[in-house]
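The values are calculated or read from the model by the stated rules, or taken from the named source; none is laboratory data. Computed from a predicted structure; not experimentally measured. Methodologically, a virtual Cβ is constructed for each residue, glycine included, from the backbone with ideal geometry; neighbour enumeration extends over all protein chains shown. The accessibility values were calculated without ligands, DNA or RNA, using every heavy atom of the protein model including side chains. Shrake-Rupley method; radii C 1.70, N 1.55, O 1.52, S 1.80 Å.
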Amino acid sequence: MEKFLETLKNIGLDFVQNTGLAIVRTIAFLVLGLVVIKIVQSLTRGATLKSRRLDKVASSFVVSIVTVVLYIILVIVLVSSLGFSTAGIIAAFSAVALAVALALKDSLASLANGVIIIFTKPFKKGDYVEVNGIDGLVQDIRLFNTKILTYDNVAVIIPNSEILSSKMINYSAMPIRRVVIDIPVSYDAETGVAKQVLLDKTKAHPYVVNTPAPSVVLKEYGSSALVFTVRAWTPNDQYWDTLFELREGLLQALNDADIKVPFNHLEVTLLNERDSVRAKPEGAEKGSADEKSDTDGGRL
């Protein structure tokens, strides 16, 4: 009985001095690690938000990466504190990471392209862009894809790998944008007067800027009209309003100046039966009779 109690005492002492101490130490490391992660997250988020080079999307991405790295380090520290070998854990992490990378290579490509988009900023949220024939406003830039809202209120999700591998147009990259409108004018009109009317109307538009100055040029000699090109610069967010209002205003200005805007005409002449008989050339009846005679002769 004394030996049994001595054995239990030794087991208890061994547990307290080794296993128990390791457990307490591990719990302390866990609590301390979680506190450190929260502090680092807060500091990282504050530093990235204050940076002029990073927007909110890039800031969130950096904070996420830092958080994942810190949690991996914490797991390795806890495993080591319990007395287990970390070499096996690292090897297991490596094997899992390799398997995931092979299974999700397309998604990882989109992820890498998402990181490139976030930090190189070819466009930002709210920009008007065109990708593979799809144009609209950028609603959200994610790690794997980008959400674009078209003007007919359709949400289009485009993978980031497709965005960087294809032609992309960012219409919002510059503060001003040029409006170009072609106007046909009758050949009977005086070119100088027509140009001045178009130019005055363009300059009077409230959204047209003075620098660069608007211009009106004779573009080509059309088949039925002289084609003038009106060029004007306007703030990017006023582009569509300026385009549509100028189209209507320029036409009204030409009408007020009694300058005709020609359009193609199709003339159709209807002939009655008497006119069609008169229109037959001389000898047509004779030719018909001869043709009939030849036909009858052929029958014989």
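Across the stretch 156-162, coupling constants 3J(HN,Hα) worked out from phi with the 6.51/-1.76/1.60 Karplus curve, θ = phi - 60°, read 10, 9, 10, x, 5, 5, 6 Hz, and Gly and Pro carry x. Each of Val68 and Ile23 was given a label point 7 Å from its Cα along the Cα-to-Cβ line. The distance between the two points is 3.4 nm. Distance between the 7 Å Cα→Cβ label points at Glu248 and Ala204: 1.6 nm. Scanning residues 5 or more positions from Lys260 or on other chains, those with amide H under 5 Å from its amide H are Ser186, with H placed 1.01 Å from N in the peptide plane. Taking amide hydrogens as placed 1.01 Å from N in the peptide plane, the amide H of Trp233 sits under 5 Å from those of Val179, Val209, each at least 5 positions away in sequence or on another chain.
Computed over protein heavy atoms with a 1.4 Å probe, the carbon and sulfur contribution to the accessible area of the stretch 145-273 reaches 52%.
Cross-link check: pairs Lys38/Lys124; Lys147/Lys195; Lys121/Lys195; Lys38/Lys121; Lys124/Lys201 evaluated at a Cα-Cα cut-off of 32 Å; pairs beyond the cut-off: Lys147/Lys195; Lys121/Lys195; Lys124/Lys201.
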